[in-house]
Amino acid sequence: MRVTLSMIVKDEEDHLPASLSAVADLVDEIVIVDTGSTDRSREIAQRFGARVYDFPWCDHFSAARNETLRHATGDWIFWMGADDRIDEVNRNKLRTLFRGLQDELAVYMMKCWCPPDAANPAPVLLDHARLFRRHPAVRWKYRVHEQVAASVVALGGRVYPTDIVIVHAGYQAVAEQEAKMERNLRLLLQDVEEYPEDLDVLYYLAVTCQCLRRPAESVRHCCRGIALGRYQELRTRQLYILLTLGHYQLGQRAEALAAAAEGLRHYPDDDELLFQYAVVLRELGRPTEAEAVFWHLLRTPPAGPPLFGNEGLRGYRARHELAQLYLQQHRDAEAEALWRATLQEQPHYVPAWQGLGELSIKLGRFDVLEAIVQRLESSGMGRVEAALLRALAHLTRGELTAAEALLVPLLAAVPQAVKPRLVLARLRLRQGQYDQAEQLLREVLALDPSQPEALAEWSGLRRPAVPGTMTATEPLGSQA
């Protein structure tokens, strides 16, 4: 069986060599469709023996991918992106798989591992249909978030899982990612006009609105999908998860709890729903129930992989959230033990380092804090958290000028970040600048209506009888 590597690219000269060098010797041909490159992408691809075809971009990823199928001659199609990477272990697994392919209609699922980045502190592991039998009736579908597995299955083909892992490098800057999401939303809105009752399209609409911080729109798409009454386990479970998140982000905690509870009624062992249910219980001031659910997650094995690929829901992430609960209850020793267990399981999980740092500040262990800060600074992904911890330490010691010198540029560097704005609000309260503190808290709650620390700080503000002035009580959590 001959294998074709299929790719669509545009201006990928910096990334093509790494992706092509990993698989060029494993496949029988490389077919690349270029949608308008102005750099050296074509030249680099041809250096690896690829046949490159021009295809004017038409706002339709499936159209571009189907163009690669038109030029492919292999029996099987293996697709990659320029931002995909394959290590030697998985190269060997691919080689073995390719050599054993049979003359049958099938699709092979592979793992796509997305490392943590500034926007997502936890890694994500997803299943992708990466290898499928070439067939005249097998075609990609949808303008964006294109899919091919359903086309194989509709023809009676089989789906095979594998343990092959492909790393999705995710080299785009945050601004580029947001622009990509806006483009995806535009294409999805066209798809939903064409497929108004398609759960795949409604699901991706809900996901994209979540990523663009439009939770009300996400909730609407989730409700529309669930109301169709088609209990396709995969998408319906995901829609319940997104519905819970959407209500939570809107500050609608009771509605979030109800959505999670309804989802758990249908899917009682779902990791994501249990995890979110526990978080919302904690936010609603029901710590005993929240603690019980977190421990249930930690003590019971998963029924299967999490639908969104979020790792650690029954491990380090549940421990981290439980540690936060214990910190709120002043169970400091238990919180510290959980954070240390979290970092033993996942040493690069930045939120746990931040939690341990805040606990160190609370306990006055500034030597421990300094070691944590240096660890975050050296990691490359925790520099914002490191600067924030330093500012919190200054604030705790009453060194207001030093705290301000860190917080103001930090907020300018990451204007969408909630925590620096919240800590700066605490600083303004300490300085007696109540109007500025109120404005900062308003901005925090506009970004995240359910932010518990901001809500606590807000409850510490009260207006006096004289209009136009502010007074404040001691803000909650000011020790950290």
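Listing for the model above:
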{"item": "Whole-Hz couplings from phi, Karplus 6.51/-1.76/1.60, listed for the stretch 131-143; x for Gly and Pro", "result": "9, 8, 6, 5, 7, x, 9, 8, 9, 6, 10, 5, 5"}
{"item": "Contact order normalised by residue count of the stretch 3-171, Cα under 8 Å, 6+ apart, percent", "result": "25"}
{"item": "Lys pairs under 23 Å by Cα in the chain, provided they are eight or more residues apart or on distinct chains", "result": "7"}
{"item": "Using θ = phi - 60° and Karplus 6.51 cos²θ - 1.76 cosθ + 1.60, couplings along the stretch 328-345 (whole Hz; Gly, Pro as x)", "result": "4, 8, 6, 8, 5, 5, 5, 4, 4, 4, 5, 5, 5, 5, 4, 6, 5, 6"}
{"item": "Net charge contributed by nearby residues that have their C-beta within less than 10 Å of ASP163 (K/R +1, D/E -1)", "result": "+2"}
{"item": "Antiparallel bridges, percent of DSSP beta bridges restricted to the chain (to nearest 5)", "result": "45"}
{"item": "Cα pair distances of the chain binned at 20 Å [whole percent]", "result": "20, 50, 26, 3, 0"}
{"item": "Whole-Hz ³J(HN,Hα) from phi, Karplus 6.51 cos²θ - 1.76 cosθ + 1.60, for the stretch 42-54, glycine and proline x", "result": "4, 4, 5, 4, 5, 5, 8, x, 7, 8, 10, 10, 7"}
{"item": "Gyration tensor (Cα) of the stretch 1-144, equivalent ellipsoid semi-axes in angstrom", "result": "21, 20, 17"}
{"item": "For the stretch 173-309, projected area of the alpha-carbon convex hull averaged over all directions, nm²", "result": "8.7"}
{"item": "Cα gyration tensor shape for the stretch 71-156, rounded if a/c is under 1.5, else prolate or oblate", "result": "oblate"}
{"item": "For the chain: relative contact order, % (alpha-carbon pairs under 8 angstrom, 6 or more apart)", "result": "9"}
{"item": "Helix-only CD estimate at 222 nm, as mean residue ellipticity for the chain, using -39500 (n - 2.57) per DSSP H run (n ≥ 4)", "result": "-17500 deg cm²/dmol"}
{"item": "Protection proxy ranking, peptides 141-148, 222-229, average beta carbon neighbours within 10 Å, highest first", "result": "141-148, 222-229"}
{"item": "Shape call, the stretch 198-261: gyration tensor on alpha carbons, a/c limit 1.5", "result": "oblate"}
{"item": "Residues VAL124, VAL159, VAL373, sorted so that the one with the fewest Cβ neighbours within 10 Å comes first", "result": "VAL159, VAL124, VAL373"}
{"item": "Mean Cβ count within 10 Å, highest first, over the residues of peptides 375-382, 323-330, 29-36, 193-200", "result": "29-36, 323-330, 375-382, 193-200"}
{"item": "Between helix 271-283 and the chain: long-axis angle, C-alpha atoms, 0 to 90°, nearest 10", "result": "20"}
{"item": "By average C-beta atoms within 10 angstrom, highest first, the peptides 126-132, 19-25, 37-43", "result": "126-132, 19-25, 37-43"}
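Each reported figure results from applying straightforward, stated rules to the coordinates on display, with no laboratory input. The shown structure was predicted, so the numbers you read here are calculated from the model rather than taken from an experiment. Backbone-built Cβ (ideal geometry, glycine too); neighbour counts: all protein chains shown.
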